[in-house]
1. Quick check: anything in the range 10-21 touching a helix residue (DSSP H, G or I) at 6+ places or on another chain (Cβ under 9 Å) and farther than 20 Å from Ile161 by Cβ?
2. Between a residue in the range 8-36 that is crowded, with 17+ Cβ neighbours inside 10 Å and any residue that is of a type in the set (A, V, I, L, M, F, W, C) and part of a helix (DSSP H, G or I), which pairs come within a Cβ distance under 6 Å, given they are 6 or more apart or on different chains?
3. Yes or no: Met3 in a loop (DSSP other than H, G, I, E, B) and in contact with a helix residue (DSSP H, G or I) (Cβ under 7 Å, 6 or more places away or on another chain)?
4. Quick check on Phe167: is it in contact with a helix residue (DSSP H, G or I) (Cβ under 6 Å, 6 or more places away or on another chain) and surrounded by 22 or more Cβ atoms within 10 Å (Cβ to Cβ)?
5. Sort through Arg147, Arg116 and tell me the only one that's surrounded by 16 or more Cβ atoms within 10 Å (Cβ to Cβ) and either of a type in the set (Lys, Arg) or in contact (Cβ under 8 Å) with a residue 60 or more places away in the chain (or both).
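Since every read-out is calculated from the coordinates, none of them should be taken as a lab result. Please read all numbers here as calculations on a predicted model, not as lab measurements. Here the Cβ is made from the backbone with ideal geometry for all residues, glycine too, and neighbour counts use every protein chain on show.
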Amino acid sequence: MLMISIKDMNKSELHNHAHRLLRECLRPYRIDYNEDTPVSKGKMGKPSLTEHPNIYYNLSHADGIAACIISDNECGIDCEKIREYPKKVMRRVFSEKERTMVETAPEDKKSELFFRLWTLKEAYVKAIGVGISYPMNTVEFSFDSGRIITNIKDCRFRQYIVGNRGFIVSVCEMIERPLL
């Protein structure tokens, strides 16, 4: 289950709002998620429901948007507002092919393309539970006729572009659980 909410809130309100989305998403599972719900942390801090080890979730929030995914497999989600992209980040975390893709894109599409790639990378590292310490320049994405092309195996990727609002949401779901 995926839930996306666009709200004009400050950062701490968006954090709380993302947890409200999680509560809503868990309702069909008959899980009453609240501040007392036992949550465990993985090696790198990825949260999971202690009493429901076969239900996986991930949250994300950014300026004006919050998102939640629930899955039967490990999953990750990232959302971002499209804005001027940080060129130093691109040099550090994008592959040569991805940098060229962004640099040669039409000027009015560069920021959108940057955040499409960035959110896919973030969703992946959140799904595998390692965070941005992962060598993100080894994860490569491109696009072909609306399809997401990647060198990552055993994952499904989806992406939502809320164009009229200027947001990108990317989701990664593991097909098999990795042995880390």
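1. No, the range 10-21 contains no residue that is touching a helix residue (DSSP H, G or I) at 6+ places or on another chain (Cβ under 9 Å) and farther than 20 Å from Ile161 by Cβ.
2. Qualifying pairs under 6 Å: Tyr33/Leu22; Tyr33/Leu26.
3. In short, no.
4. So Phe167 fails the test.
5. Arg116
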